[in-house]
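One structure below.
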Amino acid sequence: MDKIEHIGIAVKSLEASNALFAKLLGVPHYKIEEVASEGVKTSFFQSGPNKIELLEATNSESPIAKFLEKKGEGIHHVAFAVEDIVAEIARLKAEGFTVLNEIPKQGADNKLVAFLHPKGTNGVLVELCQEIKER
Ligand code: ZN
């Protein structure tokens, strides 16, 4: 795995939290993107070399809705950049981690993503993400 690509934070209201994080970081969000298949609307902030993703649920079945119900607002996942997500999934499976989706799926921000079950990672939901290269 490479660097931390971003930190994902579950919020109740993207609108309210966009304003809050703009104040906190001193920069406005640079994009909003909906991932309909996941039931989430996301916004992204760039703070120096670091990226923050805010996630709001778009329906009650959304994993973010369930997270908010159980844990409330807060850090939802830590995402690591990987060069080859298929190879990394195979490596982590061989190491005994539970991969929630063994076939990478299209995530926000032009990425292929896969998640590791937090039960195997000290309670931290880990996202792997690989940049989708333009051809
Ligand atoms: Zn993410």
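The values are calculated or read from the model by the stated rules, or taken from the named source; none is laboratory data. Treat the numbers as computed from the prediction; the structure is a model and nothing was measured. Glycine gets a Cβ as well: all are built from the backbone with ideal geometry, and neighbour counts include every protein chain shown.
Mind listing whichever residues of the stretch 27-82 are among the aromatic types (Phe, Trp, Tyr) and more than 25 Å from LYS133 (Cβ to Cβ)?
PHE67
Taking the stretch 1-16 only, how many residues are closer than 17 Å to LEU68 by Cβ and within 15 Å of the ligand (Cβ to nearest atom)?
6
Are any residues in the stretch 54-93 charged (D, E, K, R) and in contact with a helix residue (DSSP H, G or I) (Cβ under 9 Å, 6 or more places away or on another chain), and if so, which ones?
GLU56, GLU73 - these are the residues of the stretch 54-93 that are charged (D, E, K, R) and in contact with a helix residue (DSSP H, G or I) (Cβ under 9 Å, 6 or more places away or on another chain).
Is there any pair with a first residue in the stretch 1-29 that is in contact (Cβ under 8 Å) with a residue 12 or more places away in the chain and a second that is surrounded by fewer than 14 Cβ atoms within 10 Å (Cβ to Cβ) and of a type in the set (Ser, Thr, Tyr) whose Cβ atoms are under 7 Å apart and which are 6 or more apart or on different chains, and what are they?
Within 7 Å, the pairs are LEU25/SER47; VAL27/SER47.
Can you tell me which residue within the stretch 93-117, out of those that are charged (D, E, K, R) and within 12 Å of LEU128 (Cα to Cα), is surrounded by the fewest Cβ atoms within 10 Å (Cβ to Cβ)?
Out of the qualifying residues, it is GLU102.
Mind telling me which of the residues GLU83, GLU127, GLU88 ends up being touching a Gly at 6+ places or on another chain (Cβ under 8 Å), within 21 Å of LYS3 (Cβ to Cβ) and among the charged types (D, E, K, R)?
GLU127
If a residue has to be part of a strand (DSSP E or B) and of a type outside the set (Lys, Arg) to count, how many in the stretch 18-76 make the cut?
21
For the stretch 23-38, which positions are modelled with pLDDT under 95 and either of a type outside the set (D, E, K, R) or more than 23 Å from PHE115 (Cβ to Cβ) (or both)?
Once the filter is applied, which keeps residues that are modelled with pLDDT under 95 and either of a type outside the set (D, E, K, R) or more than 23 Å from PHE115 (Cβ to Cβ) (or both), the stretch 23-38 yields VAL35, ALA36, SER37.
Do you know which of the residues in the stretch 122-135 that are in a loop (DSSP other than H, G, I, E, B) and loosely packed, with under 15 Cβ neighbours inside 10 Å is modelled with the lowest pLDDT?
Selected residue: ARG135.
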